[in-house]
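Encoded as structure tokens, the structure appears first; notes follow it.
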Protein chains: 2
Amino acid sequence: MADLSAGTGVPVPTIKYYLREGLLPPGRPLARNQAEYGPAHVRRLKLVRALADYGGLSIAAIAGLVRHLDDPGVAGGTLLAEAQPAVTPPPEPGGGAGAGRARRHVADLLARKGWDRLAAHPSAATLTGVLASLLELGLDDVLDRMDDYAAAAEAAAATDVRILGDVSDRERAVEVVVLGTLLGDTLIAALRRLAQAHLAGEACTG
Amino acid sequence: MADLSAGTGVPVPTIKYYLREGLLPPGRPLARNQAEYGPAHVRRLKLVRALADYGGLSIAAIAGLVRHLDDPGVAGGTLLAEAQPAVTPPPEPGGGAGAGRARRHVADLLARKGWDRLAAHPSAATLTGVLASLLELGLDDVLDRMDDYAAAAEAAAATDVRILGDVSDRERAVEVVVLGTLLGDTLIAALRRLAQAHLAGEACTG
């Protein structure tokens, strides 16, 4: 365990905690108080750290994800689709006055993009909830720009799928999907803030 | 307070909690146990709800943001830049073997985009941390696609700035920035998942 800690930079007490919570499979017992940890442990530990540090997930949520990763029922071809519900935040039901308008706008958007069959996708509900909140606050301008945001999101997703296409190893592909979805959100958010700061600076000095 | 609750759909105990935590300014006292709440309260309450539901913020973080919103020191022209540090998650210091490579790649990206002056921006550190995590996990493919992600993020930021440009009212503009940054992350993440699901479906059936 000391070697595992040295190889990953994760403190021993944290590794023990991950073992207790089922985030990491137990090592192969060698002697009393000793166990062997292999490359699979190193990889899983790095995955758990990445999800905890940049995926914005609680330990309980990571435990759920790890079970999903280890589930042999997840098919190769539909990795993205099958892994997505596990990593999509639960949608909030839209209750206010903006909810009806938001629902119609999301339905229109899905139709325009040819995404009709995704009407029941958890992210369609999340999208409706966010739009309803924005409408409640009178930020109707966002509605006129939805196609612009959708185009930006499509460009990012196309890049995701290209990276996934390069991955032959199946277990690897699941990792890429999970990491790509969660860490990708943080990556894109960071890039968006940088681009905003750059554009805001230009607007001020130019 | 019953009217405020009815007008926003936020339960009275929740409103009392927000008042105690300083998320909502006190109403104008009318009589013992009675206070008047105006349109500003309705608006602020909706903002707090939106941030709690879709901004992924804790109550403490929202309290910090609200103080920032009420700060007259925030200048009109640099709203985006000034509001950003408050809504950017704190960066994690990259410690592992991937950190050095990640730092070089982020520096190169900033130079390529003409974003050099943003090297000390919190989001540059976040970006470095995410990249370092991905490199630690052997997901080097992301490095080759950084320009694609940056282009998608730039498109989203350009849309953000266009929406901000339509907002004349100063208090409104601060709201748009804060909401746009936080809820925009959720909005773009939801659209990206839909686009991923669509592309994954195409790849399977096409």
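Available extension along the chain between A:VAL42 and A:ASP108 is 19.1 nm, counting 0.36 nm per residue and deducting the alpha carbon span. Each of the peptides B:14-27, A:137-150, A:25-38 was scored by the mean count of other Cβ atoms within 10 Å over its residues; in descending order, highest first, they stand as A:137-150, B:14-27, A:25-38.
Per residue of A:116-127, count partner chain C-beta atoms within 10 Å of its C-beta, then hand back the mean as an integer.
Working: counts 0, 3, 6, 0, 0, 5, 4, 10, 5, 1, 8, 8.
The shielding value for this peptide is 4.
Look at the stretch B:104-113: the mean tally of other chain Cβ atoms within 10 Å of its residues' Cβ atoms is 1. Close amide H partners of A:ALA35, meaning residues 5 or more places away or on another chain with modelled amide H under 5 Å apart, are A:LEU30.
Straight Cα distances below 20 angstrom link A:LYS16 to the lysines A:LYS46, with same-chain residues fewer than 8 positions distant left out. Nearest to the axis that brings chain B onto chain A is this chain B residue, judged by its Cβ, with the distance in whole Å: B:ALA152, 2. Taking packing as the residue-averaged number of other Cβ atoms within 10 angstrom, the listed peptides B:3-9, A:40-46 run from highest to lowest as A:40-46, B:3-9. Note on A:ALA158 and A:ARG32: the model spin-label points, each 7 Å out from Cα along the C-beta direction, lie 6.4 nm apart.
Derived value for region A:1-70: Kirkwood hydrodynamic radius 12.3 Å. Basis is the mean of 1/r over every pair of different alpha-carbon atoms. Shielding value for A:132-145 is 6, the average number of Cβ atoms from other chains within 10 Å of each residue's Cβ. Pairs of Cα atoms nearer than 8 Å and 6+ residues apart set the relative contact order; for region B:1-70 it is 27 percent.
Laboratory data are not the source of any read-out in this text; all were calculated from the coordinates shown. As the structure is a computational prediction, the values presented were derived from the model and not from experiment. All Cβ positions, glycine included, derive from the backbone under ideal geometry; neighbour counts span all protein chains shown.
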